[in-house]
1. Show me 41-48, 74-81, 110-117 ranked by packing, highest mean number of other Cβ atoms within 10 Å first.
2. Counting only Cα atoms, I'd like the Rg/Rh figure for the chain, Kirkwood definition for Rh.
3. To check my understanding: the extent here is largest minus smallest coordinate of the Cα atoms along each principal axis. What are those three numbers for region 54-130, in Å, largest first?
4. Going from the alpha-carbon gyration tensor of region 8-75, what semi-axes, largest first and in whole Å, does one get by taking the root of 5 times each eigenvalue?
5. Okay, which of region 64-82 sit inside 13 Å, backbone N to the point 7 Å along the Cα-Cβ direction of residue 46?
6. So how tilted is helix 90-99 from the main axis of the chain? Cα-based, degrees 0 to 90, rounded to 10.
7. Evaluate the relative contact order of region 10-135 (contact order divided by residue number), counting alpha-carbon pairs under 8 angstrom at least 6 apart; express in whole percent.
8. Antiparallel DSSP bridges in region 10-135: what percent, to the nearest 5?
Ligand code: ZN
């Protein structure tokens, strides 16, 4: 149990689905001047992170069409794929969601692209937005 002061919920990253990272990268790097942050591939997608202060934009390019981001792209085209909130207590937050009747995609947290535990909620429960939680 940590004795540090609570840091609160914040936006960790916004995931953007795109069929070619190279095509959009100059907008974020050259025009907006956002530094690139190395991230691991995840869920069949190449991920490039770009820092906007404490938050990231994550560009998600699927390796194969039969992957979560690949299916999103073929159904809806490029665009905002998910929003990730960093929460103080991931397990406690998931419990609260469960008790509130929200639909979880990940009943048990798994390791995400930044090497931290993550879990996704189903967009049906959150106004059509795919929500990811990550811990500090
Ligand atoms: Zn994410």
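1. Values: 41-48: 18.8, 74-81: 12.8, 110-117: 15.8.
The most tightly packed comes first, giving 41-48, 110-117, 74-81.
2. Values: Rg = 15.2 Å, Rh = 15.6 Å.
The Rg/Rh ratio comes out at 0.98.
3. 34, 27, 21
4. On the way: eigenvalues 87, 43, 19 Å².
Those come to 21, 15, 10 Å.
5. What the label zone holds, given the 13 Å backbone N cut-off, is 64.
6. Compared with the principal axis, the helix lies near 70 degrees.
7. Details: 245 pairs, mean separation 32.8, N = 126.
Over region 10-135, the number comes to 26 percent.
8. Details: 25 of 35 bridges.
Looking only at bridges with both residues in region 10-135, the antiparallel portion is about 70 percent.
Since every read-out is calculated from the coordinates, none of them should be taken as a lab result. Please read these numbers as outputs of a predicted model, since none were measured by experiment. Please note: Cβ atoms are built from the backbone with ideal geometry, for glycine as well, and neighbour counts cover all protein chains shown.
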